[in-house]
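S.K.: First, the structure itself, so that you have it in front of you.
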Amino acid sequence: MTRTYLQLTQRLKSECAIPGARPTTLQGLTPEVEAQRLADWIADAWVQILELHPDWRFRRRSVSFVTINDQHTYTPVQCGLAAGTLGRWVFSSFRAYPTASIGSEWFLTETSYDCWRDTYLIGANRTVSTQPRTIAEDPESSGLVLGPIPTSGYTIVGTYYLAPNRMSADAETCGLPAQYDDLGIVWKAMIEYGGYEADSAAYQRANQNYARWLNHLEREQLPIPTICFAMGI
């Protein structure tokens with residue numbers, strides 16, 4: 001089931017048995033208002049769940065962009081990502097091919113930025129442009145650098161993980177796949193409520209429910225270590 005940020009906060013209020021009407025909006029609340037604390041606990045809980053594992057499978061996305069002549073550095077936005085959505089690159093996934101001929105695709109070799117810089121941005125190598133063979137992360141922009149410096153006409157494909165997203169709008173959803181009940185976010189937030197209010201019953205119930213929910217999510221949404229052998233076709 002997919003609940004909105006507002007619905008999750010309303011559910012938290014109900015689970016905590018807090019008297020009074022449920023909030024109808026989370027916008028424009030002041031810090032001292034109880035609804036704001038509940039909303040903050042929900043938003044914090046989702047971020048904390050995402051930060052438990054940077055490689056949640058449901059946060060993995062594909063990326064593809066075309067090289068520009070003599071341009072070696074590509075920011076996340078230039079790679080096609082929305083600003084602020086990059087969590088981390090999966091460098092082992094990156095490949096390249098001439099845009100007009102996907103049949104000659106090859107994997108790019110990951111290297112460190114310092115090694116890339118000392119190899120391709122030194123002396124005569126600064127002016128050498130050809131097909132890219134290596135890839136590294138630019139420490140300044142968190143984008144990608146390619147080496148040798150590429151000419152135009154190559155397509156780069158790979159994958160990355162989304163950065164944790166903090167919910168803020170009433171109708172915003174967390175992004176958890178629809179087959180998973182997002183009630184775990186409420187249980188995680190309720191643990192904070194139980195500690196804040198010294199409500200041991202609420203704390204224990206939330207902690208037990210959250211542990212079961214998280215265990216199920218981790219079993220199904222964390223990568224399974226495998227050894228991949230390239231297969232000839």
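The values are calculated or read from the model by the stated rules, or taken from the named source; none is laboratory data. Computed from a prediction, not measured in an experiment: that's the story for all the values here. Ideal geometry is used to build each Cβ from the backbone, glycine not excepted, and the neighbour counts take in all protein chains shown. Side chains are part of the model used for accessible areas, which takes the heavy atoms of the whole protein and leaves out ligands, DNA and RNA. Shrake-Rupley method; radii C 1.70, N 1.55, O 1.52, S 1.80 Å.
S.K.: Filter the stretch 127-148 for residues that are in a strand (DSSP E or B) and modelled with pLDDT of 95 or more and give the result.
M.R.: Thr134, Ile135, Ala136, Glu137, Leu144, Val145, Leu146, Gly147 - these are the residues of the stretch 127-148 that are in a strand (DSSP E or B) and modelled with pLDDT of 95 or more.
S.K.: Go through the stretch 39-88 residue by residue and tally those that are among the acidic types (Asp, Glu) and either farther than 30 Å from Thr9 by Cβ or assigned to a strand (DSSP E or B) (or both).
M.R.: Start the filter on the stretch 39-88 by keeping residues that are among the acidic types (Asp, Glu), which leaves 40, 44, 51, 55, 70.
Remaining after also requiring either farther than 30 Å from Thr9 by Cβ or assigned to a strand (DSSP E or B) (or both): 70.
Number of matching residues: 1.
S.K.: Taking the conditions exactly as written (under 30 Å from Gly158 (Cα atoms), aromatic (Phe, Trp, Tyr) and open to solvent by less than 50 Å² (accessible area, probe 1.4 Å)), does Trp41 satisfy them or not? Steps first, answer last, please.
M.R.: Details: under 30 Å from Gly158 (Cα atoms): no; aromatic (Phe, Trp, Tyr): yes; open to solvent by less than 50 Å² (accessible area, probe 1.4 Å): yes.
For Trp41, the condition - under 30 Å from Gly158 (Cα atoms), aromatic (Phe, Trp, Tyr) and open to solvent by less than 50 Å² (accessible area, probe 1.4 Å) - is not met.
S.K.: Would you point out the residue of the stretch 181-224, among those that are out of contact with any Leu (no Cβ under 6 Å at 6 or more places or on another chain) and part of a loop (DSSP other than H, G, I, E, B), that is surrounded by the fewest Cβ atoms within 10 Å (Cβ to Cβ)?
M.R.: Filtering first and then ranking leaves Ile224.
S.K.: Return the total of residues in the stretch 1-38 being assigned to a loop (DSSP other than H, G, I, E, B), of a type in the set (S, T, N, Q) and open to solvent by 60 Å² or more (accessible area, probe 1.4 Å). Reasoning before the result, please.
M.R.: Our first condition is that a residue be assigned to a loop (DSSP other than H, G, I, E, B); within the stretch 1-38, this holds for 1-3, 16-33.
So of that shortlist, the ones also of a type in the set (S, T, N, Q) come out as 2, 24-25, 27, 30.
The next check asks that each one be open to solvent by 60 Å² or more (accessible area, probe 1.4 Å); those that pass are 2, 24, 27.
Final tally of qualifying residues: 3.
Each row is one residue, and each column tells you yes or no for (1) more than 30 Å from Pro23 (Cα to Cα); (2) among the polar types (S, T, N, Q).
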position	(1), (2)
Phe94	yes, no
Ala100	yes, no
Phe107	yes, no
Asn125	yes, yes
Ser141	yes, yes
Thr155	yes, yes
Met167	no, no
Asp170	no, no
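S.K.: If you don't mind, another one. Would the stretch 136-151 turn up any residue that is open to solvent by 30 Å² or more (accessible area, probe 1.4 Å) and among the aliphatic types (A, V, I, L, M)?
M.R.: Let us first name the residues in the stretch 136-151 that are open to solvent by 30 Å² or more (accessible area, probe 1.4 Å), namely 137, 139-142, 151.
Remaining after also requiring among the aliphatic types (A, V, I, L, M): none.
Checked the stretch 136-151: no residue is open to solvent by 30 Å² or more (accessible area, probe 1.4 Å) and among the aliphatic types (A, V, I, L, M).
S.K.: How do the pairs read when you match residues in the stretch 77-101 that are within 18 Å of Arg133 (Cβ to Cβ) with residues anywhere that are part of a loop (DSSP other than H, G, I, E, B) and of a type in the set (Asp, Glu), using Cβ under 8 Å and keeping only pairs 6 or more apart or on different chains?
M.R.: Taking only residues 6 or more apart or on different chains, the pairs are Arg95/Glu105; Ala96/Glu105; Tyr97/Glu105.
S.K.: So, Gly158, is that one at pLDDT 95 or above, crowded, with 18+ Cβ neighbours inside 10 Å and either over 30 Å from Val186 (Cα atoms) or polar (S, T, N, Q) (or both) or not?
M.R.: It is true that Gly158 is at pLDDT 95 or above, crowded, with 18+ Cβ neighbours inside 10 Å and either over 30 Å from Val186 (Cα atoms) or polar (S, T, N, Q) (or both).
S.K.: Among the numbered conditions (1) touching a Phe, Trp or Tyr at 6+ places or on another chain (Cβ under 9 Å); (2) more than 14 Å from Ile49 (Cα to Cα); (3) touching a residue at least 40 places away in the same chain (Cβ under 8 Å); (4) open to solvent by 30 Å² or more (accessible area, probe 1.4 Å), tell me where Arg133 comes up short.
M.R.: Unmet condition: (3).
S.K.: Just for the stretch 104-126: of the residues that are in contact with a Phe, Trp or Tyr (Cβ under 8 Å, 6 or more places away or on another chain) and part of a helix (DSSP H, G or I), which one is surrounded by the most Cβ atoms within 10 Å (Cβ to Cβ)? First the steps, then the outcome.
M.R.: Taking the stretch 104-126 as the starting set, the residues that turn out to be in contact with a Phe, Trp or Tyr (Cβ under 8 Å, 6 or more places away or on another chain) are 104-108, 110, 126.
Filter once more, so that each one left must be part of a helix (DSSP H, G or I): 104, 126.
Details: Ser104: 10, Arg126: 12.
Checking each candidate, the answer is Arg126.
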